[in-house]
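Working notes, beginning with the structure itself.
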């Protein structure tokens, strides 16, 4: 059995979020402040049986509703019985799948939570609710009102007109509620009938805790021992070694027992010897006249705890190959130290999993990439899976929920195991990439899905973590676009948008015109505002490069796919060049929801074919091109042998070209991207076009 999904309501940014979980590994990704850590945090609170929640964990919208309800009760507008219906409660629902268990196999701690009689149902639902304390409501609200009145009187001493407005002062109400917030809600655990949520039974929270073998590894913010207040990496583990209530594996018991006996024996003998020596020092102090014969005698008693010294000072050191010399752990990287600490915790946890065959093993790991360099981040998921398989075997599955803000971690995981958290105007939504993984019905969609997965692994691009994305042709665009964004900003092209594009987190992804269209479905699924900058790539017969005057088609896959979709042209048919030119001039057709494409168009009486030719066209004086020229020479045919990358670097570094102008198609695209909101509406409709494959 395993945790199939969780549903969270009213916790921080998570107002109504469902997360489907993989039986083995679920990776939660997303930008900062999208609720990744909150998922694990709420699970921890509930499984640790924390009886109430903090005001800081209660959503802002729910606070406003709570303030309104309290003030309405004070004003006599609602009765006590109506209060509970007015207040939002924090809830997490666990859905446990036990379909793979044998009929004769005991379900252990899950049995008390199965309350329906439908034998075909193999999913148990457990709700953990921070429920409003209804029986205490009248007394609690009266206490709050008394406190409100006292605060109001105190404020009116300084300002007699304070609080004279109609109704209650919201600032004072909020202050009072925050002071008493820990009395409003308490943890309740319910076994719920999956077929009828009105049918439920309350259970002790300890039952839910026993259902899981659970461990959480939180993000390691500081592993450096330079601060004496910080624990050493092994301190926490050593505390659990000495803890007699910890159920460690039998294989470690003899070693732990011997360590305990040795530490206790040495502590006793050391303390006796130290006390004897200290008493000699005390006795020598008598000659100074204190204490006198009438006073109580002084005797030294040094309370020496060798065990505490072991706890506080056990550290990792790094030794030479012959172990003749050693260096402190501070002389090695924090990334390796973090990995070692995680390994020790996993070892301890895996032994507890093996010892209990009925509980559901659940491991929460938050941002393990802290302090790790990219290569170590890339290898981490593979290391984790192999480590757990060796530790607990293949017959027992341990379920891992891993959150990460690293593209090096995220792009090593299969789509079907990724859950993408995204903020919208209406709150956080969780995108299940398993749905994207399964959605490809046509051969083309499956090929595109596989291509994107492989590309992400190779490029480690930040599509999961960016505010916006820019897909570009090649290295020249990748080098020039940041400079062009700054030029637009300095020219005031971005208007009053705050923050402007240069201050937003945009991912610059080099994909080439032949592959950008493979990302269309993926970008639509993620709902990331994306600008596609590509080249028109005119071709004539036999797909030979040419000028606009000889062009029959475009060889650019991204443009052709867009035209097929917009104009409903069968994919087996080539796109006439007139349709490409028409598209370049129609801003509406170049935009599909959060996707926008831009490529070269007519400017200064010419039709450039590529980025380089477009830059030359709008900077004719810099490149000695006559104003009357209507066809810019193909860049590939230049006699200098200058590469596209050389051309870009020259523009960025040569003072002669530092004031180059930006082609209009790029400027238009960057302005469009700048104007897109960072948080779109909850569902942004994408124009769906039937992709015709017939030749009719």
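Laboratory data are not the source of any read-out in this text; all were calculated from the coordinates shown. Here the structure is a predicted model, which is why all the values come from computation and not from measurement. Cβ: placed from backbone, ideal geometry, glycine included. Neighbour counts: every protein chain shown.
Peptides 183-193, 149-159 ranked from most to least packed give 183-193, 149-159, packing being the mean of other C-beta atoms within 10 angstrom over each peptide's residues. Look at 419, 63 and count the other Cβ atoms within 10 Å of each Cβ; fewest to most, that gives 63, 419. For the range 462-674, relative contact order (Cα pairs under 8 Å, six or more residues apart, normalised by length) works out to 22 percent. Can you give the FRET efficiency for residue 142 and residue 77, using 1/(1 + (r/R0)^6), R0 = 22 Å, r = Cβ-Cβ distance, to the nearest 0.05? Rounded to the nearest 0.05, the efficiency is 0.85. Where both residues lie in the range 462-674, what percent of DSSP beta bridges are antiparallel, nearest 5? Taking every DSSP beta bridge within the range 462-674, about 35 percent pair in antiparallel fashion.
Beta-bridge orientation, the range 417-526: approximately 55 percent antiparallel, per DSSP, counting only bridges with both partners inside.
Packing order of peptides 458-465, 369-376, highest average first: 458-465, 369-376 (average count of other Cβ atoms within 10 Å over each peptide's residues). Run the numbers for residue 483 and residue 385: contour at 0.36 nm per residue of separation, minus the present Cα-Cα distance, in nm. My answer for the length gained is 31.0 nm. Residues 206, 93 in ascending order of nearby Cβ atoms (within 10 Å, fewest first): 206, 93.
Looking only at the range 344-378, which residues have a backbone nitrogen under 14 Å from a spot 7 Å from the Cα of residue 395 in the C-beta direction? Zone members listed by number: 354-358. Distance between the 7 Å Cα→Cβ label points at residue 52 and residue 195: 4.0 nm.
For the range 137-212, what is the relative contact order in percent, using Cα pairs closer than 8 Å and at least 6 residues apart in sequence? Result for the range 137-212 is 22 percent.
When a/c reaches 1.5 or more, the comparison of a/b and b/c decides; with that in mind, is the range 462-674 rounded, prolate or oblate per its Cα gyration tensor? The shape class here is oblate.
Taken as Cα centroids, the range 610-664 and the range 157-196 sit 65 Å apart, rounded to the nearest whole angstrom. Each peptide in 72-78, 140-146 gets a packing score, the mean of other Cβ atoms within 10 Å over its residues, and the list from highest to lowest is 140-146, 72-78. Spin-label model, residue 460/residue 340: points 7 Å from Cα along the beta carbon direction are separated by 2.4 nm. The calculated FRET efficiency for residue 541 paired with residue 373, based on their beta-carbon distance and R0 = 41 Å, is about 0.20.
Remark: spin-label model distance residue 97-residue 261 equals 4.9 nm, labels positioned 7 Å along the Cα→Cβ axis.
Give me 211, 172 sorted ascending by neighbouring Cβ count inside 10 Å, so fewest comes first.
Ordered by Cβ neighbours within 10 Å, fewest first: 172, 211.
Working out 0.36 nm times the residue gap between residue 591 and residue 435, then minus their Cα-Cα distance, what length gain in nm do you get to one decimal?
My answer for the length gained is 53.7 nm.
Per-residue extension of 0.36 nm, minus the Cα-Cα distance of residue 122 and residue 210, leaves a gain of 29.7 nm for this segment.
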